[in-house]
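The structure appears below as structure tokens.
Only the coordinates and a few stated rules stand behind these numbers; no lab work does. Keep in mind the model is a prediction, meaning the values are calculated, not measured. Note that each Cβ is placed from the backbone with ideal geometry, even for glycine, and that neighbours are counted across all protein chains shown.
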Amino acid sequence: MIDKEAVFQKAFIDPIHRNGRGTMLAAVVCLFLPGLYLAFFHGMVPDPGTLMGALLAVWAIFVVIGLIEPVVYYPMLGFGGTYMSFLVGNVLNLRVPVAMTAQEVVGTRPGTPEAEVVSTLGIAGSMISCQLVLIVGMLAFLPFIDGLKESGTSLSLALDQVLPALFGALGGIYILKNPKLAAVPLVLGLGIALIKDNIPYSVVIPPMVIISVATARHMYKKGWVSGDEMG
């Protein structure tokens, strides 16, 4: 009898890890190339004190984000989706909604091999379509964007609400589907927003995730929600 888990691990997960680690390491090397080029070919080397000050300012934010975000988003993105998303960016505002929507449409349960495949394919498709849309959008609308945003028309106001509308529509589906699970995170998020609406999301998301998971686990143990409701 064929062991499906072993086949899935060998034929899908192992190549993803191998290729994902290789591309991520290559991307890290490429990030240093512009600076190294300026330093070695043009002698543009910053003062050590200035460089260290800039590095500390950046590290203070992105070290925390770099440690937290892969852990937070992996359950929704899967292995392949995580590698691709953190390589190309737009994780929260595009890759996560794509992965969740793809799983919702197909009907797979998060954390299953089927969800892993669906999420990977959905994010790969989003990368291709996103680049095509960006190219067309830049060529067609870039000359008019500044004028539209400064015009004060309803269209200019709508441009500022694209991201909230995206998350509102996506969140609404899961809130209506699982109102019990959504109650505590929703109330907590609204409370934080009302108290202080400019807290960095890297600070807000980790405790929200921990509280949401702990609340869901407590509801499940009490029998208030079933396993099907949590999928």
Any residue at all in the stretch 125-138 that's out of contact with any Pro (no Cβ under 6 Å at 6 or more places or on another chain) and in a loop (DSSP other than H, G, I, E, B)? no
In the list E104, E69, which residue meets the criterion of being among the acidic types (D, E), over 19 Å from V209 (Cα atoms), assigned to a helix (DSSP H, G or I) and in contact (Cβ under 8 Å) with a residue 60 or more places away in the chain? E104
Subset of the stretch 10-57 [over 24 Å from the mean Cα position of the chain (by Cα) and closer than 25 Å to G78 by Cα]: K10, A11
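Name the single residue, out of those in the stretch 187-198 being of a type outside the set (G, A, S) and either within 19 Å of the chain's Cα centre (by Cα) or in a loop (DSSP other than H, G, I, E, B) (or both), that is surrounded by the fewest Cβ atoms within 10 Å (Cβ to Cβ).
Start the filter on the stretch 187-198 by keeping residues that are of a type outside the set (G, A, S), which leaves 187-188, 190, 192, 194-198.
Checking which are either within 19 Å of the chain's Cα centre (by Cα) or in a loop (DSSP other than H, G, I, E, B) (or both) leaves us with 196-198.
Values: K196: 8, D197: 7, N198: 5.
Out of the qualifying residues, it is N198.
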